[in-house]
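The values are calculated or read from the model by the stated rules, or taken from the named source; none is laboratory data. Note that the structure is a prediction, hence the values are computed from the model and not measured. Positions of Cβ are backbone-derived with ideal geometry, glycine not excepted, and every protein chain shown enters the neighbour counts. With ligands, DNA and RNA removed, areas are computed over all heavy atoms of the protein, side chains included. Shrake-Rupley method; radii C 1.70, N 1.55, O 1.52, S 1.80 Å.
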Amino acid sequence: MITDVWLTAAPGTYFVNVSLPDYPDVPQYRSQVIVRACVIGEVAATPATCTLCPAATFSLSPANSSCDTPCPNNAECLGGAILIPEQGYWHSAADSTYMASCPNPSACSGARHDLVACQNASYAASSTSGQTQGSPVNCSLITPMDSQDATSYMRKQCAEGHYGPLCSLCIRDGPEPYGRTGTWACQKCRSNSQILGAFAASNLLVLAFLYWSIYSTLMDNEEDVTNPEQRVKASELTRALTLWMQYISMVGSTNVSVPISFGWLFSFTHFAFSSVSSGILSTDCLIGAGGTIDPAIKRVILRLAMPWFTLVILILAQVLRWWYQSRNAAVTVVQSQRPPPRGVSAFAQPQPPTAASLAQLGGTHTPQSSKSEEIRRRLLVTLLVVGFYYYPSLVTDALSLFACYNVDRLSPDSLYPGNSRATWHRGYWLSDMSMECFTGQHMRWSGFLGVPLLVITTLSMPLISLGLLLYHRGSLDLTSVRLRYGFIYSPYRNGFWFWDNVVLLTTFALAVTLVFASTLNTYFQLSIMLMIMVVDLTVLAHASPHREALSQSVQVFSRFTVVASTLTCIYFVDETGVASKAGLRAAAILVLLLNALFLLVTVVLIVRAGMSDGLTMFHDALTTVKKLFGKLGDMFRGGRPSAERRHLEASPSVQLGHRGSSMELLRNTIFSKSGTIIEHGDSARGA
């Protein structure tokens with residue numbers, strides 16, 4: 001009995017005749033035999049043989065006479081055509097030999113055994129003319145790179161909630177949507193009510209902080225004119241706190257994995273500074289995937305719109321405040337001529353400017369021109385304060401429209417280059433890696449939105465302040481100029497009137513590094529940021545531009561804290577695994593305490609320096625609210641004021657938080673371009 005016969009032949013159709021000459025009674029057997037060609041994973045050592053490639057080798061072309069070796073870098077070759085990326089790597093097709101390093105390695109951590117099973121089943125199905133042996137294939141090798149199908153091989157490369165090139169996109173559809181927590185990471189979304197609540201709280205916090213910044217800037221600038229005696233001003237300390245939040249927020253926006261204790265610091269600055277909540281409370285979760293506009297474009301538009309929305313709100317607040325004070329100016333003048341109420345010092349009453357004081361300040365003009373000059377001054381301060389606060393965010397978002405990432409970086413000697421699919425020579429947009437750069441929709445948005453915004457955000461802020469100071473370069477010591485623009489240069493010593501632009505240049509350099517260096521290794525990105533900050537700290541300490549020693553010390557302390565935080569983040573990028581986890585956690589706690597110390601010291605100094613401003617702002621706001629509610633009550637009473645309402649309007653409008661008679665003189669005297677303008681009341685007061 002014949003049990004085993006091996007036949008070799010070139011691919012084709014043959015007829016095999018089997019006969020037994022010694023047994024003529026046995027009929028001849030004739031059978032058709034089809035010899036298949038070699039399939040993917042096999043090589044033809046001879047025209048008549050197909051050999052399966054062993055482990056550690058591979059072949060993606062049946063025409064090869066030998067297996068390809070060695071296995072591609074950062075890949076695992078399990079024999080035949082099975083070629084899968086190592087953990088933390090991704091390839092643009094199942095048969096692509098280029099393994100791209102994922103900027104967020106944890107995102108490219110799909111189950112490797114699923115990838116092997118998917119390739120095995122698919123190749124087995126193709127080798128049997130589409131007839132699958134065993135269980136049906138629950139996987140598809142040939143799908144788009146941004147496929148969200150759970151059976152897609154491309155999706156199986158990624159961790160839960162991720163998909164797309166380099167597993168950089170977040171799955172929004174389904175019962176558990178995910179939102180972006182950075183350029184590369186995704187986290188499960190919270191409920192819409194939680195997201196909107198956090199978003200509202202973040203914006204209210206930002207509005208309150210900016211309102212205080214504008215108020216203290218106006219007040220400190222007024223006092224600097226009337227009281228040249230040097231002191232640490234709340235507005236200078238507030239600016240130091242703003243810079244600290246900006247720089248820490250940018251460091252925390254890099255793709256660095258930090259301990260939970262250190263992550264609190266980044267979460268605080270993102271929440272308090274960005275005005276668009278990050279992490280699992282990201283507004284990205286609210287952006288729908290439908291429509292003609294790409295979700296990434298919607299996200300950029302939302303982030304770019306928030307600073308302008310905040311600016312409009314604060315401008316309206318300043319205009320309303322100016323209108324309300326101007327409306328009550330005449331009442332304040334009458335009240336200043338009355339005897340003070342019992343228990344209130346006469347020095348607390350607004351005093352009209354004397355002839356001598358007006359001569360000292362430069363002349364007189366009409367109240368109408370005073371009103372227009374005052375509102376221009378308030379709007380300028382509001383514009384520059386809000387612009388300075390949002391400068392890093394605006395520049396980063398504008399630059400992000402041009403940030404692209406090359407995925408398949410093939411070399412001339414790459415094997416099977418035609419199998420790679422992420423080969424667009426201009427790269428893929430960082431905000432949506434499924435979109436090719438500078439073509440189609442990306443070309444339209446980067447041209448019509450990115451270019452104008454880049455010019456406005458990058459140049460407007462430095463040019464406005466620098467242009468104003470250059471125009472008045474020879475008259476910076478004049479009282480009228482100091483009143484209008486002193487908040488830009490008065491915190492600095494003579495010869496350093498331009499220092500605000502140095503700060504903006506440093507911020508711009510950090511923003512450029514944050515956006516474009518993200519295509520590099522995180523270690524190099526943080527190293528570049530560290531070098532910029534060290535240079536900034538060295539120049540700041542050596543030049544000592546701040547007029548007040550305490551203000552200079554706080555600024556140096558803030559930069560040192562940021563440098564220490566950045567250096568610690570570099571320690572966290574430990575690809576060798578040499579550093580102990582306990583040591584890294586200890587370093588994180590120490591730097592966290594350093595930042596907490598800076599925050600505590602700065603806040604205490606701001607409270608001490610701005611106590612008078614804070615009490616006055618609170619009192620004015622409370623009085624305004626009472627009057628508004630009183631008017632609402634009058635409407636319900638048919639327009640007749642209540643007794644409390646009449647008493648409130650008859651009471652002095654300012655009873656606390658004054659800095660002396662010189663301050664009251666300035667509050668009644670506002671300068672125009674040609675000299676001094678008389679304006680009584682609170683119209684010259686801060687926000």
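What does the highest-first list of 153-165, 46-58 look like by mean Cβ count within 10 Å?
Output ranking for 153-165, 46-58: 153-165, 46-58.
Taking 25 Å as R0, compute the FRET efficiency from the Cβ-Cβ separation of A56 and L7 and round it to 0.05.
0.25
Got a sec to turn the phi values of segment 512-524 into Karplus ³J(HN,Hα) couplings, 6.51 cos²θ - 1.76 cosθ + 1.60 with θ = phi - 60°, whole Hz, x for Gly and Pro?
Rounded to whole hertz, the list is 4, 5, 4, 7, 8, 7, 5, 6, 8, 5, 4, 4, 6.
At 7 Å along the Cα-to-beta-carbon direction for both M611 and V539, put a label point, then send me their distance in nm to one decimal.
3.8 nm
Considering every pair of different Cα atoms, what Kirkwood radius, in Å, is found for segment 146-260?
For segment 146-260, inverting the mean 1/r across all distinct Cα pairs yields 18.2 Å.
Along the charge dipole of segment 410-533, Cβ charges K/R +1 and D/E -1, which of G440, I532, T479 sits furthest on the positive end?
Comparing the listed Cα positions along the dipole, T479 ranks first.
Two decimals, Cα atoms only, Kirkwood Rh: what is Rg/Rh over segment 40-186? Working shown, then result.
Working: Rg = 16.4 Å, Rh = 16.0 Å.
Rg/Rh for segment 40-186 comes to 1.02.
Using 0.36 nm times the number of residues separating L196 and V16, minus their current alpha carbon distance, what extension gain do you get?
Details: separation 180, 0.36 × 180 = 64.80 nm, distance 7.67 nm.
So the extension gain works out to 57.1 nm.
List the residues, sorted by chain then number, that are 5 or more residues from Y178 or on another chain and whose placed amide H is less than 5 Å from its amide H.
I171, R172, C189
Considering only protein heavy atoms and a probe of 1.4 Å, how much of the accessible area of segment 427-493 is carbon and sulfur, as a whole percent?
That share works out to 66 percent.
In a Debye calculation with equal point scatterers on the alpha-carbon sites of segment 544-607 and no solvent, what is log10 I(q)/I(0) at q = 0.13, 0.15 Å⁻¹?
For segment 544-607, the Cα-only Debye profile gives -0.46, -0.57.
Given H placed on each backbone N at 1.01 Å, which residues far from K233 in sequence or on other chains put an amide H within less than 5 Å of it?
none
Can you give me the distance in nm between label points at A111 and N501, each placed 7 Å from the Cα along the Cα-to-Cβ direction?
Result for the modelled spin labels: 6.1 nm.
Output ³J(HN,Hα) for segment 232-243: one whole-Hz value per residue in order, computed from phi by the Karplus curve 6.51 cos²θ - 1.76 cosθ + 1.60 with θ = phi - 60°, and x for Gly and Pro.
6, 9, 4, 5, 5, 5, 5, 5, 4, 5, 5, 4
So between R36 and R473, what do we pick up on full extension, going 0.36 nm a residue minus the alpha carbon distance?
Length gained, R36 through R473: 148.6 nm.
Consider a paramagnetic label point 7 Å from the Cα of L567 along Cα→Cβ; state which residues of segment 514-541 have an amide N under 13 Å from it.
Residues 530-531, 533-535, 537-538 qualify, since their backbone N sits under 13 Å from the label point.
Calculate the length of the line joining the C-alpha centroid of segment 379-441 to that of segment 173-219, in whole Å.
Taking the Cα centre of each part, segment 379-441 and segment 173-219 sit 23 Å apart.
What fraction, in whole percent, of alpha-carbon pairs in segment 454-563 exceed 19 Å separation?
Here the long-distance tail beyond 19 Å is 54 percent of all Cα pairs in segment 454-563.
What are the ³J(HN,Hα) couplings of segment 391-396, residue after residue, when phi is run through the Karplus curve with 6.51, -1.76, 1.60 and θ = phi - 60°? Round to Hz, x for glycine and proline.
Per residue, the Karplus-derived 3J(HN,Hα) values read 3, x, 5, 5, 5, 4 Hz.
With r defined as the distance between the Cβ atoms of V319 and I589 and R0 fixed at 41 Å, what FRET efficiency is calculated, to the nearest 0.05?
Step by step, r from the Cβ atoms, then E = 0.30.
What residues qualify as long-range amide H neighbours of A75, i.e. H under 5 Å apart, gap of 5 or more or another chain, H built at 1.01 Å from N?
E86
For a distance above 20 Å, tell me the whole-number percent of Cα pairs in segment 428-489 that qualify.
52 percent
If r is the Cβ-Cβ distance from L459 to D173 and R0 is 45 Å, what FRET efficiency results, to the nearest 0.05?
Approximately 0.65, to the nearest 0.05.
Heavy atoms only, 1.4 Å probe, whole protein assembly: order F572, F557 by accessible area, highest first.
Ranking F572, F557 by accessible area, largest first, yields F557, F572.
By per-residue mean of other Cβ atoms within 10 Å, what is the highest-first order of 396-402, 36-42, 212-218, 448-454?
Put in order of decreasing packing, that is 212-218, 396-402, 36-42, 448-454.
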